[in-house]
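Encoded as structure tokens, the structure appears first; notes follow it.
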């Protein structure tokens with residue numbers, strides 16, 4: 001069977017990850033979120049379950065802000081440290097362009113994020129069925145949530161991949177991922193212009209649901225807001241630019 | 001003999017420091033080209049320049065008759081194999097799995113794996129994880145990787161580094177067999193004269209980024225032809241007598257040297273000196289070692 005150059009390179013990238021069990025990383029994070037949902041909804045009152053989807057679309061982006069930067073950092077690190085440890089770049093760059101290597105590595109990492117996001121949609125749909133949420137799911141809301149989660153994690157992946165490939169040790173990129181998780185969470189309490197500077201906080205920067213908590217009645221009310229499409233598109237463009245910059249940094253580095 | 005590698009004023013600078021200085025390499029086809037120089041002379045940088053891993057500040061490179069550009073670099077390198085500094089490998093995979101990845105990237109049939117494993121004598125260890133390999137086995141795997149697809153040109157940077165004496169011998173035999181067995185040209189860099197002496201057919205000596213010698217190994221050995229040293233009680237008078245009798249001789253560093261090798265000419269010189277009343281303390285033959293030649297060429301003592 002004749003394979004195209006790109007197919008061959010992607011296949012090689014796939015084979016490099018053999019025995020690494022990288023899929024366990026997103027699976028562990030997925031399991032954590034599933035357990036959190038089970039705990040959340042089994043302890044919820046029946047009236048709270050009526051707004052189950054709205055609650056999910058409010059809470060999940062915040063949880064993603066905490067866990068996703070770490071998950072993306074670990075995936076990028078697992079994929080890249082084999083190249084650093086084995087000093088393979090000096091061989092690989094004689095077989096493929098550095099740009100192509102960066103792209104294939106990125107797609108290998110993106111694959112896990114696609115599966116993780118797809119898993120999220122199943123988790124949300126399953127929660128609705130199992131816990132009998134009151135209102136039906138708005139597909140547009142689900143798509144918006146998945147788009148923000150995937151897009152933000154893909155932007156972070158470019159950044160983490162760049163750091164993992166230019167560092168001799170994976171401590172620095174993993175520390176940045178961990179610090180990003182905290183910074184992202186804190187950025188939710190920053191003034192909007194300052195929060196915009198923290199890319200780890202973008203998981204929760206485009207809400208389609210907001211919350212109103214009444215101090216007197218101690219009742220939380222979730223309500224829909226229009227999705228900030230323009231802001232999201234600007235972020236997506238910024239993400240593409242960041243990817244290009246990261247790619248240039250890695251490919252310009254002399255071996 | 002056509003040249004497989006030709007460089008023209010190849011230069012690499014890092015800031016103000018010139019690491020490779022106007023190098024004009026000429027590597028003949030089917031030769032084993034020993035690229036010799038002390039540590040830090042610019043050998044690895046030169047090989048990386050040839051492979052396009054770093055960009056030259058100045059100069060051109062021609063490999064297998066084609067000028068190397070950013071566009072055709074990979075097409076040209078498809079006909080080369082390389083082992084730079086240390087073997088590249090994925091430790092969590094077996095030797096065979098490593099070779100499979102490179103086969104895929106090189107677009108070489110998977111059946112080549114068995115062939116290269118046999119050449120480097122690694123058939124039995126092919127299913128073992130590379131992280132469990134000894135350095136020698138990793139080095140042999142690196143060579144097997146370079147041999148995949150039987151390239152026309154092989155660039156090996158210090159391939160015996162870190163190997164034990166038996167491993168060095170084995171690697172050396174392997175490299176020496178390649179031009180005949182696989183019709184290849186091999187460029188092998190080393191900082192060890194003895195190693196190059198035992199492997200190479202051609203030699204390039206680099207020091208401080210400059211190529212100070214490039215020719216066949218036998219030409220290099222020309223330098224090492226023996227000299228007849230005379231110890232007399234009056235060197236200046238002896239020089240005068242020899243000069244008058246048209247017997248080539250030289251005097252430097254307090255040593256009188258006869259530049260003749262025929263036994264009868266040496267006997268004539270001794271007779272002349274004795275008749276002239278010059279006392280001869282000693283007469284002996286001195287062989288110039290490759291190390292001496294290297295020191296003579298570089299003009300200084302370097303760590304070898």
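Residue-by-condition table, conditions (1) closer than 23 Å to residue B:102 by Cα; (2) surrounded by fewer than 18 Cβ atoms within 10 Å (Cβ to Cβ):
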{"position": "B:150", "(1), (2)": "yes, no"}
{"position": "B:153", "(1), (2)": "yes, no"}
{"position": "B:162", "(1), (2)": "no, yes"}
{"position": "B:203", "(1), (2)": "no, no"}
{"position": "B:210", "(1), (2)": "no, yes"}
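Can you spot a residue in segment B:17-29 that is part of a loop (DSSP other than H, G, I, E, B) and out of contact with any strand residue (DSSP E or B) (no Cβ under 7 Å at 6 or more places or on another chain)?
no
Considering each residue of segment B:52-109, count those that are part of a loop (DSSP other than H, G, I, E, B) and in contact (Cβ under 8 Å) with a residue 60 or more places away in the chain, and give that number.
7
Of the residues B:193, B:148, only one is within 14 Å of chain A (Cβ to nearest Cβ) and touching a helix residue (DSSP H, G or I) at 6+ places or on another chain (Cβ under 6 Å); which?
B:148
Which of (1) assigned to a loop (DSSP other than H, G, I, E, B); (2) within 14 Å of chain B (Cβ to nearest Cβ); (3) farther than 30 Å from residue B:69 by Cα is the odd one out, the single condition residue A:15 does not satisfy?
With (1) assigned to a loop (DSSP other than H, G, I, E, B); (2) within 14 Å of chain B (Cβ to nearest Cβ); (3) farther than 30 Å from residue B:69 by Cα applied to residue A:15, the lone miss is (1).
Among (1) away from chain A (no Cβ under 13 Å); (2) surrounded by fewer than 21 Cβ atoms within 10 Å (Cβ to Cβ), which single condition is residue B:129 missing?
Going through (1) away from chain A (no Cβ under 13 Å); (2) surrounded by fewer than 21 Cβ atoms within 10 Å (Cβ to Cβ) one by one, residue B:129 breaks only (1).
Would you pick out the residues in segment B:90-102 that are more than 7 Å from chain A (Cβ to nearest Cβ) and either more than 30 Å from the chain's Cα centre (by Cα) or surrounded by fewer than 22 Cβ atoms within 10 Å (Cβ to Cβ) (or both)?
B:94, B:96
Check segment A:16-25 and report whether any residue there is surrounded by 13 or more Cβ atoms within 10 Å (Cβ to Cβ) and more than 23 Å from the chain's Cα centre (by Cα).
There is no residue in segment A:16-25 that is surrounded by 13 or more Cβ atoms within 10 Å (Cβ to Cβ) and more than 23 Å from the chain's Cα centre (by Cα).
Among the residues of segment A:18-31, which ones are facing another protein chain (nearest Cβ under 10 Å) and in contact (Cβ under 8 Å) with a residue 12 or more places away in the chain?
A:20
Go through (1) over 25 Å from residue A:49 (Cα atoms); (2) touching a residue at least 12 places away in the same chain (Cβ under 8 Å) one by one and return the number of the condition residue A:207 breaks.
The number of the failed condition is (1).
Residue by residue, here is whether (1) within 12 Å of another protein chain (Cβ to nearest Cβ); (2) surrounded by 24 or more Cβ atoms within 10 Å (Cβ to Cβ); (3) touching a helix residue (DSSP H, G or I) at 6+ places or on another chain (Cβ under 9 Å) holds:
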position: B:17; (1), (2), (3): no, no, no
position: B:23; (1), (2), (3): no, yes, yes
position: B:26; (1), (2), (3): no, no, no
position: B:37; (1), (2), (3): no, yes, yes
position: B:55; (1), (2), (3): yes, no, yes
position: B:60; (1), (2), (3): no, no, no
position: B:65; (1), (2), (3): no, no, no
position: B:71; (1), (2), (3): yes, no, no
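Taking into account only those residues within segment B:73-84 that are at the interface with another protein chain (Cβ under 7 Å from one of its Cβ atoms) and in contact with a strand residue (DSSP E or B) (Cβ under 6 Å, 6 or more places away or on another chain), which is farthest from residue B:126 (Cα to Cα)?
It comes out as B:84.
Report yes if residue A:79 is within 14 Å of chain B (Cβ to nearest Cβ) and under 26 Å from residue A:181 (Cα atoms), otherwise no.
Here the answer is yes, as residue A:79 does meet what is asked.
Could you list all residues from segment A:85-111 that are farther than 16 Å from residue B:53 by Cβ and either more than 8 Å from chain B (Cβ to nearest Cβ) or modelled with pLDDT of 95 or more (or both)?
A:103, A:104, A:105, A:106, A:107, A:108, A:109, A:110, A:111
Which residue pairs have Cβ atoms closer than 9 Å, lie 6 or more positions apart in sequence or on different chains, and pair a first residue in segment B:113-127 that is over 17 Å from residue B:102 (Cα atoms) with a second residue that is assigned to a loop (DSSP other than H, G, I, E, B)?
Here the result reads B:125/B:133, each pair linking segment B:113-127 to a residue that is assigned to a loop (DSSP other than H, G, I, E, B).
Kindly indicate whether residue A:255 is surrounded by 11 or more Cβ atoms within 10 Å (Cβ to Cβ) and away from chain B (no Cβ under 14 Å).
Here the answer is no, as residue A:255 does not meet what is asked.
Looking only at segment A:211-236, which residues are surrounded by 13 or more Cβ atoms within 10 Å (Cβ to Cβ), touching a strand residue (DSSP E or B) at 6+ places or on another chain (Cβ under 9 Å) and farther than 20 Å from residue A:46 by Cβ?
A:224
The values are calculated or read from the model by the stated rules, or taken from the named source; none is laboratory data. Fair warning: this is a prediction, and the values are worked out from it, not measured in the lab. Positions of Cβ are backbone-derived with ideal geometry, glycine not excepted, and every protein chain shown enters the neighbour counts.
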